[in-house]
Amino acid sequence: MADEKIKVAYWPGCVSRGFTPELHGSMAWVADAIGIELVELDRANCCGAGVIAEHNQELADTLNARTFALAQQTGLAMMNICSTCQGAQSECQQRLDADSSYRAHINEVLSGQGLAYEKGKDGFTNKNFLWLLVEDYGLDRLASLVQRPLSGLRVGPFYGCYIVRPKERLGYDEYPDRDVYLEKVIETLGGQVVEYDGARKCCGFPVITMNRETSLRQAGTHVGDAIDAGADCLVTPCPLCHLNLDMQQPEAAKVVNRDLGLAVLHLPQLVALALGAEPKELGMTKHIASTGWVEERLSVGAAV
Amino acid sequence: MADYTIKVRRFQPESGSGPYWEEFNVDLEPSLSVLDALLQAKDREDGSLAVRCSCRAAICGSCGMKINGQSGLGCKTQIGEAQEQANKMKAATGVTAAEASSPIGAQSPESQDAVRATGQEEAGPGPITATTETTAPIVIEPMGNMPVIKDLVTDMESTHWTKIRRVTPWLLPHGEAPEREYVVEPESMIDITQSMACIQCGACVSSCLSMEADPDFIGPAALAKAYRFVGDPRDAETVERLHDLAEDPHGIYDCTHCFSCIDACPKGVAPMDQIMRLRRKAGEEGIEDPNSGHAHEIAFVKIIEKKGTLDEAMLVQESYAPGIKGKLKPTKRGIVETIKSLPTIIRALRKRKVGPLKAIPGTHHKLPGDAMGEVKEIYTHAEEHREEFNLYIKGEEGDEEAAIEERLEPPRTHTPAGEEAQNG
């Protein structure tokens, strides 16, 4: 697929256009740099983040069927940039794909809008940017574009629950390595993988308004473990994890009663840095935990 | 036959020393189980190796353990698959599950760090394919979130059984008992078959990430058990049960929705899905809880109805001070929590992460008008239907065996979990 152009129906999610605007901008930068054409689904709706399904499963399934149908109208596969969108949408897709009469029932509602979700012969494809990067774009192709290898940068992966579990729903039968893709990307970009206990654990965000202490203890523990393992930063494909790990980090530090201060990068930011982008154009000044140390490490790496 | 190395986390309380790792070499078919490997090591090398087991067929639920960090049953995990998993993680991360897990490292941080540093140098930068030949030991640990009695034997009483008893795990029917048995429609029991499949192995408790941060959380096994009775048409205290589980600050709204229990469960109980069913039912009863869990759910649902996408500032405000349709009604907890979240908001504003406009509830971008109309239409329809599609019951299309029952013809307004399963 050497220089084959990739074009996707792009679902940016809500948080990338809300509290993590730097993610939306960074994704646009990366897409442009590596040649992925994004056809934004600007009429699509929130995935429900599991909360709408908790309230009414049929409502969540119909809302996401609408998004899938909008993507299908473009004739392209869909891409998202949020682990939570991936998980919540995959859950609804699994139910929709399991039974044609349920699909017909849901499509009845969409028909008035000129929309229909079809399972199709090969199934509907909706991939997080992380999956697309490894499975469709290719790491060799990515490696060939690296301008500033992240030499010496020690990066801890943080996946987000919704993109690693449940395995049976998230295509692990076909792609068993999806839970080590972040490590592969970090190495492709020339960085060093830091393994620590929290890489595939929960950031705590889903209960931040319900049980603040539990939530922040989770975030604080994982950030602390990564620091203890020698990480210079974390990287995540999930903006909701970013909210708890970065935006809430000073509060999490109070709960776990220790100093933290670890930069948390969005996946497109890490990729863009290796492709030569400047931290400022990636919105890194908007982060709560300073990214200064990462920038320093990179400039040292570049000088050597 | 193939050779495997298993690395077991051992602990003998009588020795007076802490836990330690010990490796055993075993020799068995890849299709045999991790439990078989442990029993071989016990038989040939060290008879004192403690592991609880009985049926060896994933029925008794005795051999819960962590294999390469993943909670499950020793007898249901093939040794060949465990080897592949161990190799994959080692190749990707440069460390084994034993080195990445915390308990022993916490007791000897120096050695832990040393291992990490070496591992990382080996991995280094460069293509990952160079290390795919790695053979890593299969790491076996006792279950998490419970005290260890000896080696792989954990104390199920102090966490698991205590929490199970917490949810009153027996039927509470009212009225006179029938002369013979209770008669129920088979369809009304279908929805609880999933939670009835539990074998009490504790794997979900071991994997629970909420319990890791909050040991008081009632937890996945007990809450799945609770749903087994809440969904039972013979039970007459469903509403009381829901109040109890929602009003406990460590109850249904303490689940962090991480899916760990779903992957850990060897019987497809999907405890987290049962917790979500409990939340739905508690919500339908309009039960207000001390965690603002129900308020959060309603706030989320209404914001999407109003705007199509999530307005985070509005979600925070609405969770604490519901008022989307009229005047704000802040709860006491809401005021306290809002004050607690102020430093975060101020920091975000100062960093220009969030513009002053976005920090104001209700100003987040909204879908275009006609798209909003479509979202509204979906809401109107779904609020009338509320169908639940339970894959455990229905199975995948074309998978006749898994489909216990043919799906009833639409239009169908309720699931088996709906009306029929209410108090009979």
With a sphere of radius 13 Å drawn around the Cβ of A:Arg212, what net charge do the other residues whose Cβ falls strictly inside it have (Lys, Arg +1; Asp, Glu -1)? -1
Taking the Cα centre of the protein assembly as shown as the origin, how large is its charge dipole in debye, to the nearest 20, when only Lys and Arg (+1) and Asp and Glu (-1) carry charge on their Cβ atoms? 2440
Counted charge near B:Arg166, where neighbours are those whose Cβ lies closer than 11 Å (Asp, Glu -1; Lys, Arg +1): 0
Which of the aspartates and glutamates could a cross-linker bridge to B:Lys353, judged by Cα under 16 Å and excluding same-chain residues fewer than eight apart? A:Glu22, A:Asp246, A:Glu281, B:Asp311, B:Glu312
Given N residues in chain A, what is Rg(Cα) / (2.2 N^0.38 Å)? 0.99
Cross-link candidates for B:Lys329: which aspartates and glutamates have Cα within less than 13 Å, leaving aside residues fewer than 8 places away along the same chain? B:Glu318
Projected-area average for the protein assembly as shown over all orientations - Cα convex hull basis, square nanometres: 32.0
Mind checking the log10 I(q)/I(0) for the range B:135-281 at q = 0.12, 0.14, 0.15 Å⁻¹? Debye, one equal scatterer per Cα, no solvent, two decimals. -0.51, -0.67, -0.76
Roll a 1.4 Å probe over the protein heavy atoms and report the accessible area of A:Tyr172 in Å², nearest 10. 10
Test item: A:94-106 mean partner chain Cβ contacts at 10 Å: 5
Determine the per residue accessible area of the protein assembly as shown with all protein chains present and a 1.4 angstrom probe, expressed in square angstrom. 38
C-alpha center-to-center spacing [the range A:111-164, the range A:33-97] in angstrom: 14
Would you please report the Å³ per residue occupied by the convex hull of the alpha carbon atoms in the range B:34-86? 77
Just to be sure I understand the curve: with the Debye formula and one point per C-alpha of the range A:181-304, what is log10 I(q)/I(0) at q = 0.12, 0.13, 0.15, 0.20 Å⁻¹? -0.42, -0.49, -0.65, -1.14
Would you work out what percent of the accessible area of the range B:157-243, with all protein chains in place, is carbon or sulfur (probe 1.4 Å)? 56
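When only DSSP loop residues count, what trypsin sites (Lys or Arg not before Pro) in the range A:1-97 have their Cβ near at most 16 other Cβ atoms within 10 Å?
Those satisfying the criteria are A:Lys5.
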Buried accessible area between A and B, both sides, 1.4 Å probe, in Å² rounded to 100, is 8100
In whole Å, largest first, the alpha carbons of the range A:114-267 cover along the principal axes 53, 41, 28
If contacts are Cα pairs under 8 angstrom and at least 6 residues apart, what is the relative contact order of chain A in percent? 20
Over the range B:228-361, what relative contact order in percent results from Cα pairs under 8 Å that are six or more residues apart? 16
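The values are calculated or read from the model by the stated rules, or taken from the named source; none is laboratory data. Treat the numbers as computed from the prediction; the structure is a model and nothing was measured. A quick note on method: Cβ atoms are made from the backbone with ideal geometry, for glycine too, and the neighbour counts reach across all protein chains shown. Keep in mind that these areas ignore ligands, DNA and RNA; they rest on the heavy atoms of the full protein, side chains included. Shrake-Rupley method; radii C 1.70, N 1.55, O 1.52, S 1.80 Å.
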